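Nothing in this text is a laboratory measurement; each read-out follows from the coordinates by a stated rule. Every value quoted in this text rests on a predicted model; they were computed, and no experiment measured them. In this analysis, Cβ positions are derived from the backbone assuming ideal geometry, glycine residues included, and neighbour counts consider all displayed protein chains.
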């Protein structure tokens with residue numbers, strides 16, 4: 001008689017035992033959590049307004065209330081966006097990877113939307129017996145160009161470290177280092193912008209403190225996620241939270257496409273043998289592999305229901321025989337609507353208009 005295998009606890013899924021026994025083969029609950037985080041990442045791309053003709057270029061197309069339903073997240077009603085996060089684009093090298101509206105009436109010329117903080121809803125939290133907090137950081141839409149723009153110069157992370165009695169200087173080998181561009185993006189602010197008068201870091205810390213106070217009588221966890229540049233920010237901010245006092249609840253980072261961290265998609269028979277580095281780095285291709293990965297020595301086989309068409313959401317890496325068009329996720333009419341006079345124009349936003357939150 002087979003012995004029943006105990007389901008991993010939520011803490012174990014977040015790494016309390018360093019994922020021992022959950023990776024090979026990949027545990028089904030962990031697989032689903034990884035895919036959920038990947039879908040949270042994808043939502044940042046699907047919602048991002050990258051049309052520089054729009055006065056809202058560089059912001060989220062969708063407001064907090066409608067966000068998850070408009071990006072068509074699975075189980076959208078289980079989660080609620082608590083706040084949007086913004087980063088300043090007016091800091092030297094960072095400006096090169098941000099988008100700016102060509103409109104003279106642009107919503108903000110110094111800032112870009114960089115992610116969001118979400119939680120499980122009250123009803124779902126009661127059912128689970130815990131309140132899950134998620135932080136999703138947006139990656140860049142410009143592929144690997146951001147690595148070249150940022151360079152790879154390490155800089156001292158001393159400003160993220162908790163106060164210490166030791167007088168280590170920035171050249172001391174004991175002081176942690178982080179790539180200069182990532183750090184600047186995370187800690188920079190702009191007093192001239194209502195969206196980034198506080199840095200992305202300060203926005204995050206403020207909101208996490210607020211949520212911890214609000215849900216202080218509940219069992220809490222924080223999961224940070226991101227793809228590409230967003231993965232770097234997720235790792236950096238996870239370290240920052242724990243280093244600066246959030247050390248009494250689970251804090252975990254589940255990331256995709258971080259430098260030196262990729263997913264081998266060659267096992268799937270559904271994907272083209274692409275030579276394009278952008279395809280290797282594509283988030284949906286990675287999530288497809290997660291859905292069907294059964295170890296280095298086992299056959300690729302999907303273990304969860306996941307639409308194959310998602311692979312081509314922003315690429316053309318799916319084999320042509322599936323007849324799925326490439327890069328099919330597009331805004332209807334590129335966001336234009338016909339007004340009462342028959343003119344095609346940008347709609348006046350209602351709840352989807354960017355609003356400063358800090």
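Ranking request for peptides 66-77, 197-208, 15-26, 129-140: highest mean number of other beta-carbon atoms within 10 Å first, then the rest in descending order. Each step should come with its number before you reach the end.
On the way: 66-77: 15.8, 197-208: 19.9, 15-26: 13.8, 129-140: 22.8.
In decreasing order of mean packing, 66-77, 197-208, 15-26, 129-140 become 129-140, 197-208, 66-77, 15-26.
Most simply put, the chain has about 65% antiparallel DSSP beta bridges, counting only bridges with both residues inside it. Pairwise Cα distances in segment 189-309 exceed 25 Å in 44 percent of cases. Hull volume per residue, based on the alpha-carbon atoms of the chain and their convex hull, is 182 Å³.
Can you give the convex hull volume per residue for the Cα atoms of segment 159-254, as a whole number of Å³?
136 Å³
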